[in-house]
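All remarks here apply to the structure that follows.
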Amino acid sequence: MDDEIRTTAEYAEAAAMRPGRAVHADPETGLTPEQEPLPEAVQKKPFEKKSPAEWAYERLILYIKGFEKTLDNEHEVAMGFTDTGAGVLKIEGLGYFDPDLVTFYGTDGTGARVQLVQHVSQLNVLLRATKKPDETAAPRRIGFELAKGLDEA
């Protein structure tokens, strides 16, 4: 936050500006979370007033939802651990604890329940497409389910 004096128009323009950007070499990529308008639920509170954990939580949901848009009906989203050697976590939930912790809930490749708690300064997430466990079931789109929770905030 700054002490700069702004007109109403300047304030509205700043609030409408996207806080992210993405460029892709493949024109078939489609819009990514950085390029799409922020959902109303995310815009309710200015990002300058959000804790690092809350802002990371909301953007992670948008990234998961965006990633799921690229998946076919045979795959679901999972999270790969890049530095723990723990393998893959099938994401079943996401949370945060102000001011600086984000947590992932889910199951690993053996079906064991897992929870990863990470400080936002160490946040490092690899989204991975994995085969559905039940080939006959519809794929679970956790990003869309998590996005519904943004409206409840």
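Laboratory data are not the source of any read-out in this text; all were calculated from the coordinates shown. In this text the structure is predicted, and so the values were computed from the model without any measurement. Counting neighbours? That spans all protein chains shown, and the Cβs are built from the backbone with ideal geometry, glycine included.
So here's what we get for this one:
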read-out: Neighbour cut-off at most 15 other Cβ (10 Å), DSSP loop, trypsin sites (Lys or Arg not before Pro), the stretch 89-132; value: none
read-out: Hits among lysines - C-alpha to C-alpha of Lys44 under 30 Å, sequence gap 8 or more where chains match; value: Lys65, Lys69, Lys90, Lys148
read-out: Environment charge of Arg113, counting only residues whose C-beta is closer than 13 Å and scoring Lys/Arg +1, Asp/Glu -1; value: -1
read-out: Longest to shortest principal axis, alpha-carbon extents of the stretch 49-153, angstrom; value: 44, 32, 20
read-out: Gain in span if fully extended, Gln122 to Ala25, counting 0.36 nm per residue against the direct Cα distance; value: 32.1 nm
read-out: Theoretical FRET efficiency, 1/(1+(r/R0)^6), r = Cβ-Cβ of Lys69 and Lys49, R0 35 Å, to 0.05; value: 0.75
